[in-house]
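Enquirer: What follows is a single structure, and I will ask about it in a moment.
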Amino acid sequence: MNLYGGIEAGGTKFVCMVGSGPDDIRAQVRFPTTSPAETIGRAAAFFEEQAHRAPIGAIGVGSFGPVDLDLASPTFGFITTTPKPGWANTDIVGMLHAELNLPVAFDTDVNAAALAEHRWGAAQALDPIIYLTIGTGIGGGVIVRGKPLHGLVHPEMGHMLMSHDRELDPFPGVCPFHGDCFEGLASGPSMKERWGQPAETLPDDHPAWEIEAHHIALAVANLIVCYSPRRIVVGGGVMEHTGLFPLVRCKVQQLLNGYIQATQITERIEEYIVPPMLGNQAGVLGAIALAIEHLHVLGGA
């Protein structure tokens, strides 16, 4: 069986894994994201050590962004205009290839997580599907015909401009670019700024959760009418709050108001808007899936 390397390249930590899927994880390590040279060097050292035990066919990277996914671009494989200090214009693919001399697949962290949930998790055998994560930031990935959707750049669902009811929620938002976009209104930092305490410390009956569910439901309803996904998987730390999923599902039905006549929404919405099956492993397993697909395209698997 071929083995693959996966990297979930996050702004605060890197997660590296060797295996072939959720039932075959051979090794895994997590470490803080420091400078590019130190962090990527540490990842490369992990894979070099593991390669002595069994050959690794390819590496996949699901990265924080923004990133350049255009194969024809001179900066393909770069983390581009990120505000993370020291990481703007980092050639993460080139650095890994130089260190390991292996094929390197590259995509966003949320596209990778979407691919993992499509291949092994909560959205198996369904297409198209959407994966959303709502936590420190908000991002989303779309899988169409089994592959992550790319375009001019890549989906930035967290920066959807929202219908902002200022009577319900006068908070101006925290996004430095757009103020009250989806991420500006519904991310973990926005909740902390709005209520003066982290979301996870808010009691179940706090009015925060009705407002949060409203913003998430608006975004989900927009995604449904734009992409017509067969399932939406919603992860991230904010979604771990008990009771948020039922609130979001109910509000999505109210917002769509019977317009989308599909039983998955009108009768079985608890099977349509779902939590991830792979939990916090979705990102790094998605990177493994990227590596598998990449090597297959190259003819090595």
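Enquirer: Mind giving me the nanometre distance, one decimal, between the label points for L126 and A262, set 7 Å out from Cα along Cα→Cβ?
Expert: 0.9
Enquirer: Still on this model: Is segment 200-301 rounded, prolate or oblate when judged by the Cα gyration tensor, a ≥ b ≥ c being the square roots of its eigenvalues, rounded requiring a/c under 1.5 and prolate requiring a/b larger than b/c?
Expert: Numbers: a/c = 3.00, a/b = 1.52, b/c = 1.97.
Cα axes put segment 200-301 in the oblate bin.
Enquirer: Quick one: compute the contact order of segment 123-276, relative version, from alpha carbon pairs under 8 angstrom and 6+ residues apart, as a percent.
Expert: On the way: 235 pairs, mean separation 39.2, N = 154.
Here the relative contact order equals 25 percent.
Enquirer: Quick one: longest stretch of the chain between exposed loop GluC sites (Glu not before Pro), exposed meaning at most 12 other C-beta atoms within 10 Å and loop per DSSP?
Expert: Result for the longest clean stretch: 1-166.
Enquirer: Have a look at A123, A287, A72 and tell me which one the Gaussian network model of the chain (Cα, springs below 10 Å) gives the largest fluctuation.
Expert: Fluctuation is largest for A72.
Enquirer: Report relative contact order for the chain in percent, whole number only (criteria: Cα-Cα under 8 Å, sequence separation at least 6). Could the numbers behind the result be given before it?
Expert: On the way: 612 pairs, mean separation 67.0, N = 301.
Relative contact order here is 22 percent.
Enquirer: Short version: ³J(HN,Hα) in whole Hz for each residue of segment 163-177, in order, from phi by Karplus 6.51 cos²θ - 1.76 cosθ + 1.60 (θ = phi - 60°), x for Gly and Pro, what are they?
Expert: Running phi through 6.51 cos²θ - 1.76 cosθ + 1.60 with θ = phi - 60° gives 6, 9, 7, 6, 6, 5, 9, x, 4, x, x, 10, 5, x, 9 Hz.
Enquirer: Can you work out ³J(HN,Hα) from phi for every residue in segment 253-268, in order, using Karplus 6.51 cos²θ - 1.76 cosθ + 1.60 and θ = phi - 60°, giving whole Hz and x for Gly and Pro?
Expert: Once rounded to whole Hz, the list reads 4, 5, 5, 6, 6, x, 5, 8, 8, 9, 4, 4, 9, 7, 10, 10.
Enquirer: So, one more: What is the gain in length, in nm to one decimal, between W195 and R166 on full extension, counting 0.36 nm per residue of separation less the C-alpha to C-alpha distance?
Expert: 8.9 nm is the gain from fully extending W195 to R166.
Enquirer: Now for a different question. Measuring from label point to label point, each 7 Å out along Cα→Cβ, what is the T81 to I25 span in nm?
Expert: 3.6
Enquirer: Counting only chymotrypsin sites (Phe, Trp or Tyr not before Pro) that sit in a DSSP loop (anything but H, G, I, E, B) with at most 10 other Cβ atoms within 10 Å, what is the longest stretch of the chain containing none of them?
Expert: Numbers: sites that count: F177, Y259.
Free of exposed loop sites, the longest segment is 1-176.
Throughout, read-outs are computed from the coordinates displayed, never taken from laboratory work. Because the structure is a prediction, the values reported are computed rather than measured. Ideal geometry is used to build each Cβ from the backbone, glycine not excepted, and the neighbour counts take in all protein chains shown.
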